[in-house]
Amino acid sequence: MKLERVEIVHVAIPLVTPFRTSFGTMTTKDTFLLHVVTDAGEGWSEFAADPEPLYCSEFVAGAEIVLRDFLLPRVAGLPGLTAAAVAPAVAKVKGHELAKAALETAVLDAELRSYGMPLAVYLGAVRERVPAGVSVGIKESLPALLDDVERYLAEGYVRIKLKIEPGWDVEPVRAVRERFGDGLPLQVDANTAYTLADADHLRRLDEFGLLLIEEPLEENNLYGHARLQGRLSTPVCLDESLHNARDTASAIAMDACRVVNVKPARVGGYLEARRVHDVAHAHGVPVWCGGMLETGIGRAPNLALAALPGFTLPGDTSASSRYFAADITEPFVLEDGHLPVPRTPGIGVEPLPEALRRFTLRREDLYVG
Ligand code: NPG
């Protein structure tokens, strides 16, 4: 393939309800889509991070510069552009995994469409539908939290994740367990809000039989997470600290995590995400697919990934309606607690023209060949 044009489409989509985590509160999904045009066809992807660098160091305005000035010039001239050629071509650019993932995924979409191959088939998916979990934000009160959990369970979600932070941890978990029972698959996510000095406090969560505690300590503190795991019976799961398959191998070897959250964007794209899966699976470490409030453009490829054999825990791959009254693609609808894995070529979805018009703030060419 040869790259002809790359367009950036900034979008803002209101959330149905504010989403609060230990790092901030979101009320709209504000990001950009990448639209690549090649001589073999077109592809789409979504940049996963937010306008502010609060979850990770990357952010919307920065990623636009990185793509325009450092990533696109390195792939533009490649004579035989394929998705597999993107990571080696941009390897000298340090970090910026989420920007790299957006570029690789759009190229992959175009490439797979040109072969007529669905992403799920390309990745080696073994399921046609995947169980859906839901992430529940920090609430103003326990009754408000219990109402939310009750509603999600009534909708069919098969696993609940509670966002936690100091001051909102043991009590919400206890309240959910008391109300919905010990059989409810339940996990918590701290988004780096604690330190190793909180180990005794976090050990109080052990009595609730959680599936896992996600990223309790600082990003990249593998040693600290290993020390913490030594003091908890709840399995530690890493998210922010794992940037590639090598990190994952190190973390597993150190017993810094017993479960892995795979977010393709965080590790630079779907090709590396599959390697993360492979490393964990080979060690018998369960993986699940995280989410970053993606529109349908980001949600569709995550569902393909979540259909791989090592994804033995339900992911944050919720229905579109969890976040959006109207999405930019056809919505993903929960059926019996599951979402369908897209089966058409490439990522399997495209923006709906009318929705795209409605939610677009700005479109601009980042590259014209
Ligand atoms: O369902 O897409 C989803 C969101 C799940 O809690 C979720 N995502 O830390 O994993 C996270 C969190 C997140 C939200 C991360 C926004 C980044 C931005």
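The values are calculated or read from the model by the stated rules, or taken from the named source; none is laboratory data. All values reported here derive from a predicted model rather than from experimental measurement. Note that we place each Cβ from the backbone using ideal geometry, even for glycine, and neighbour counts take in every protein chain shown.
The number of residues in the stretch 304-316 being in contact with a Leu (Cβ under 7 Å, 6 or more places away or on another chain) and assigned to a loop (DSSP other than H, G, I, E, B) comes to 2.
LEU184 satisfies every condition listed in (1) of a type in the set (A, V, I, L, M); (2) away from the ligand (no atom under 16 Å from the Cβ); (3) crowded, with 21+ Cβ neighbours inside 10 Å except (3). Among the conditions (1) assigned to a helix (DSSP H, G or I); (2) within 16 Å of the ligand (Cβ to nearest atom); (3) more than 13 Å from the chain's Cα centre (by Cα), the only one that PRO301 does not satisfy is (3). Residues that are part of a loop (DSSP other than H, G, I, E, B) and away from the ligand (no atom under 16 Å from the Cβ) do occur in the stretch 34-44.
Taken as a whole, the structure leaves ASN261 outside the set of residues that are within 16 Å of the ligand (Cβ to nearest atom), modelled with pLDDT of 95 or more and either of a type in the set (A, V, I, L, M, F, W, C) or surrounded by fewer than 21 Cβ atoms within 10 Å (Cβ to Cβ) (or both).
Test LEU15 against the stated conditions and say whether it is outside any strand (DSSP E or B), surrounded by fewer than 20 Cβ atoms within 10 Å (Cβ to Cβ), among the aliphatic types (A, V, I, L, M) and in contact (Cβ under 8 Å) with a residue 24 or more places away in the chain. Spelling it out, it is not the case that LEU15 is outside any strand (DSSP E or B), surrounded by fewer than 20 Cβ atoms within 10 Å (Cβ to Cβ), among the aliphatic types (A, V, I, L, M) and in contact (Cβ under 8 Å) with a residue 24 or more places away in the chain. Looking across the stretch 134-170, the residues that are acidic (Asp, Glu) and either closer than 15 Å to ASP316 by Cβ or part of a helix (DSSP H, G or I) (or both) come down to ASP147, ASP148, GLU150, GLU155.
The numbered conditions (1) in a loop (DSSP other than H, G, I, E, B); (2) among the small types (Gly, Ala, Ser); (3) under 19 Å from the mean Cα position of the chain (by Cα) are all true for GLY183 except (3).
Take LEU339 and tell me if it is touching a residue at least 60 places away in the same chain (Cβ under 8 Å), more than 21 Å from GLY156 (Cβ to Cβ), under 16 Å from the mean Cα position of the chain (by Cα) and within 15 Å of the ligand (Cβ to nearest atom). Spelling it out, it is not the case that LEU339 is touching a residue at least 60 places away in the same chain (Cβ under 8 Å), more than 21 Å from GLY156 (Cβ to Cβ), under 16 Å from the mean Cα position of the chain (by Cα) and within 15 Å of the ligand (Cβ to nearest atom). Among the residues of the stretch 99-121, those identified as closer than 14 Å to LEU305 by Cβ and either assigned to a loop (DSSP other than H, G, I, E, B) or touching a residue at least 12 places away in the same chain (Cβ under 8 Å) (or both) are ALA101, GLU104, THR105, LEU108, ASP109, LEU112, PRO118, LEU119, ALA120.
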